[in-house]
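Notes follow once the structure below has been shown.
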Amino acid sequence: MTALMETYGASLLKAIGIHTAYVLVSVAIGFALGLVLGILLSRIPQFSGAILPLLSIFQTIPGLVFIGVLYIVWGGTPLSVITALSVYAMFPVLKNTYTGILGVEHKYVEAAKGCGMSPLQSLLKVELPLAMPTIISGLRMATIYTVSWAVLASMIGLGGLGNFVYQGVDSNNNTLILLGAIPAALLAILFGALIDYLQKKVTPRGLRKEVGR
């Protein structure tokens, strides 16, 4: 183990840092886009029957294909990876935001109107807080998926833990495969735990029993 870390320790730490940066940046962008678009779509639900199926079709495009297309357009830059990962991270957040807002019971929205709240105030103070458990669930899915998708960055020479995985596959070296796979799995577990904690903190007290408190 000591010899292994002496040989790969520095490059492994660098790969973990790059991988984590891809995940954090892409999920942040994807969450912002998904939240805004989900809110907008919830305001025009009559169009969801056409928009959501199209998004689902786009989501079936393999990540490697999408990154490959962006590589052709923009070359081997981090922008290609971050754009692809952000788009894929956006989908679960968008769908859960839309579903969560529409799932808010109508009586709460009517109560907000009765208190004199504007539509924006109702959204920010009533609908979004009540939809937050569903939205954060989408964020959790997006984050865990992005940890795995970020492995594809190495396919266009942009580093990350995928370097070890693909080098191990090419050389039939199980040690290298595990050096990439185990940290990626641990990152997914860590991010999942952090988002579970965040979900408990942002969920209104009256709803916490429903999310497993």
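General observations
- Residues in segment 72-88 include at least one that is farther than 26 Å from residue 191 by Cα and either of a type in the set (D, E, K, R) or part of a loop (DSSP other than H, G, I, E, B) (or both).
- Residue 41 being modelled with pLDDT of 80 or more and buried (at least 18 other Cβ atoms within 10 Å of the Cβ): yes
- Residue check for residue 111: of a type in the set (Gly, Ala, Ser), farther than 17 Å from residue 40 by Cβ and buried (at least 20 other Cβ atoms within 10 Å of the Cβ): no
- Residues located in segment 147-192, provided they are more than 17 Å from residue 14 (Cα to Cα), of a type in the set (Val, Ile, Thr) and in contact with a Leu (Cβ under 8 Å, 6 or more places away or on another chain): 175
The values are calculated or read from the model by the stated rules, or taken from the named source; none is laboratory data. What you are looking at is a predicted structure, and each value in this text was computed from that prediction instead of being measured. Positions of Cβ are backbone-derived with ideal geometry, glycine not excepted, and every protein chain shown enters the neighbour counts.
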